[in-house]
Amino acid sequence: MSDFTIELTEIRKSFGELDVLCGVNLAVERGEVIVLMGPSGSGKTTLVRCMNLLEEPDAGHVRICGCDFECGTRRDRGRKRLEQRARRHAGMVFQQFNLFPHMTALGNVIEGPRQVRKLSDAAAKELGERLLDRVGLADKSGEYPSRLSGGQKQRVAIARALAMEPEVVLFDEPTSALDPELHAEVLDVIQSLAREGMTMVIVTHETHFAREVADRIVFMDGGVIVEEATPDVFFTRPSQERARSFLRLVD
Ligand code: ADP
């Protein structure tokens with residue numbers, strides 16, 4: 001088995017005239033926690049979306065848990081299957097939670113296991129209840145999203161991602177839609193996953209959290225990776241001026 005869950009090689013992506021990713025190389029090691037930082041518009045969200053092919057790069061190579069994608073080539077049926085495989089292996093937690101409003105917390109968590117993993121209702125329910133308990137929401141399994149706080153919704157979204165038993169979980173600014181007092185409950189869950197050895201890529205502006213949780217900080221600007229370092233080095237003595245001026249702004 002490869003030591004890497006995701007390997008991106010020379011990834012390029014444009015939206016119309018705008019070049020958003022300009023040749024990105026990044027390999028995510030098994031068990032590693034990468035925090036992706038950088039100014040707004042630098043391409044962080046686009047990059048994590050490329051990691052499970054929610055966004056298809058225009059060019060480059062993506063390898064996800066043993067599946068290879070040569071980007072920019074013709075779509076065909078086999079390719080669709082590979083994309084589905086990629087989404088299953090690389091779970092995603094979105095800024096805006098993206099829960100199904102007409103399903104309870106438990107319903108949201110077990111939908112994927114039932115539909116995609118083909119678990120029986122009983123097995124899916126048992127898994128869902130265990131995962132809701134793991135994110136501290138054992139007592140909310142019957143609630144609909146409209147009756148949950150933002151922090152609770154995001155924890156349901158994390159449980160939902162875990163229910164697919166992904167090899168890596170991608171987080172796109174998981175706390176940015178939440179009131180500040182709700183950040184900690186979500187960050188604590190992510191931190192506990194890190195302690196358990198879950199491979200994760202997290203886009204966040206939370207510097208304190210990044211310092212605690214990351215094995216590696218990847219700093220992007222202008223669609224390229226400008227600096228990669230341990231949190232200690234990145235936050236105390238970054239080598240690039242662009243990283244230094246970013247840190248002066250966020251600190
Ligand atoms: P970041 O996460 O670092 O803020 P993004 O990846 O969200 O950066 O966006 C990078 C740039 O790409 C921004 O200028 C954004 O407006 C643009 N962009 C992102 N997604 C789309 C899209 N689907 N269509 C057009 N432009 C987009």
Evaluation of Phe97 against (1) closer than 27 Å to Asp251 by Cα; (2) within 16 Å of the ligand (Cβ to nearest atom) (one fails), failing number: (2)
Tabulated pairs, the range 184-200, first under 15 Å from Leu170 (Cβ atoms) and at pLDDT 95 or above, second among the small types (Gly, Ala, Ser) and open to solvent by 30 Å² or more (accessible area, probe 1.4 Å), C-beta under 6 angstrom, 6+ apart or interchain: Thr199/Gly31
Qualifying positions in the range 192-251 - among the aliphatic types (A, V, I, L, M) and part of a loop (DSSP other than H, G, I, E, B): Met198, Ala214
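Take the residues in the range 190-205 that are open to solvent by 10 Å² or more (accessible area, probe 1.4 Å) and out of contact with any Gly (no Cβ under 7 Å at 6 or more places or on another chain); name whichever of them is nearest to the ligand (Cβ to nearest atom). Please lay out each step first, then the result.
Residues of the range 190-205 that are open to solvent by 10 Å² or more (accessible area, probe 1.4 Å), as a first pass: 191-192, 194-198, 205.
From the residues that got through so far, the ones that are out of contact with any Gly (no Cβ under 7 Å at 6 or more places or on another chain) too are 191-192, 194-196, 198, 205.
Working: Gln191: 22, Ser192: 25, Ala194: 21, Arg195: 27, Glu196: 27, Met198: 22, His205: 10 Å.
Residue satisfying both the conditions and the ranking: His205.
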Considering residues of the range 94-116 that are open to solvent by 50 Å² or more (accessible area, probe 1.4 Å) and over 20 Å from the mean Cα position of the chain (by Cα) only, the residue nearest to Val186 (Cα to Cα): Pro101
Residues being near the ligand (Cβ under 9 Å from one of its atoms) and without any contact (Cβ under 8 Å) to a residue 40 or more places away in the chain - total across the range 6-26: 3
Among the candidates Glu29, Glu70, residue that is under 26 Å from Leu247 (Cα atoms), open to solvent by 10 Å² or more (accessible area, probe 1.4 Å), more than 15 Å from the ligand (Cβ to nearest atom) and of a type outside the set (A, V, I, L, M): Glu29
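Here's the yes/no breakdown for (1) under 16 Å from Val203 (Cα atoms); (2) modelled with pLDDT of 90 or more; (3) touching a strand residue (DSSP E or B) at 6+ places or on another chain (Cβ under 7 Å):
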| position | (1), (2), (3) |
| --- | --- |
| Ser14 | no, yes, yes |
| Thr73 | no, no, no |
| Ala86 | no, no, yes |
| Gly91 | yes, yes, yes |
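The values are calculated or read from the model by the stated rules, or taken from the named source; none is laboratory data. Everything numeric in this text was worked out from a predicted model, so none of it was measured. Note that each Cβ is placed from the backbone with ideal geometry, even for glycine, and that neighbours are counted across all protein chains shown. We work out accessible area using only protein heavy atoms, side chains counted, and drop any ligands, DNA or RNA first. Shrake-Rupley method; radii C 1.70, N 1.55, O 1.52, S 1.80 Å.
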